[in-house]
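Below is one structure; the comments refer to it alone.
The values are calculated or read from the model by the stated rules, or taken from the named source; none is laboratory data. The shown structure was predicted, so the numbers you read here are calculated from the model rather than taken from an experiment. With ideal geometry, Cβ positions are generated from the backbone for all residues, glycine too; neighbour counts draw on all protein chains shown.
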């Protein structure tokens, strides 16, 4: 008799302790994440939506929230255990995208929840490289402090320092980014794919203020 009743008890226990996943809720979760509806995200997760489900372009709900700068929704997802390093079909994760776009609030959350500082985007670059490219000083400083390699070379053979000069306009924000990178140990003499140093690129682009900064930090032609 005990051999008959015991499996039934065990099965009931398993049912009550395991979380049911309801795939029908994954679409609404993506929508709530995009709309920054934190309360709805929390409700759907509690009802059984899959936190790592994939939507448009292979985005997880957290990547969807990040690409919509939905800070409140991202916070709920991260606090619930969403993977900050999960990438979509074009190799963007919440961490990488927040860094690239200067979404510092979300970036800070990803850094506090296990962001992989060595992960790279589809161009083979760390989060620091596009942050420097866009002149996002606070983001650059945050990533430097976190420990991202300031001398990482991406697939186009550029470092963060190269991209701040190649894509920058030499304005004050780019001067500040270049200074922050150099002060953090960025090597001004790493050459790009055409054999050019950062100093050579700065001179070619007429960025006289940045040329002076590079010369003061050991930059060579």
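Per-residue answers, yes or no, for (1) within 21 Å of residue 165 (Cα to Cα); (2) surrounded by fewer than 22 Cβ atoms within 10 Å (Cβ to Cβ):
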position	(1), (2)
113	no, yes
118	no, yes
121	yes, yes
127	yes, no
131	yes, no
137	yes, yes
140	yes, no
147	no, yes
151	yes, yes
| field | Positions within the stretch 170-189 being in a helix (DSSP H, G or I) and surrounded by 23 or more Cβ atoms within 10 Å (Cβ to Cβ), in sequence order | value | 174, 177, 178, 181
| note | Counting only residues that are over 16 Å from residue 177 (Cβ atoms) and either in contact (Cβ under 8 Å) with a residue 12 or more places away in the chain or assigned by TED's automatic domain parsing to the domain that holds residue 173 (or both), the stretch 104-145 contains a total of 18
| query | Is it fair to say residue 32 is at pLDDT 95 or above and loosely packed, with under 13 Cβ neighbours inside 10 Å? | reply | no
| remark: Residues of the stretch 190-221 being surrounded by 13 or more Cβ atoms within 10 Å (Cβ to Cβ) and not in a helix (DSSP H, G or I), in sequence order, are 190, 191, 192, 196, 197, 205, 207, 217, 219
| task | Answer with yes or no whether residue 143 is farther than 27 Å from residue 71 by Cα and assigned to a helix (DSSP H, G or I). | result | no
| Yes or no: residue 167 closer than 20 Å to residue 210 by Cβ and surrounded by fewer than 19 Cβ atoms within 10 Å (Cβ to Cβ)? | yes
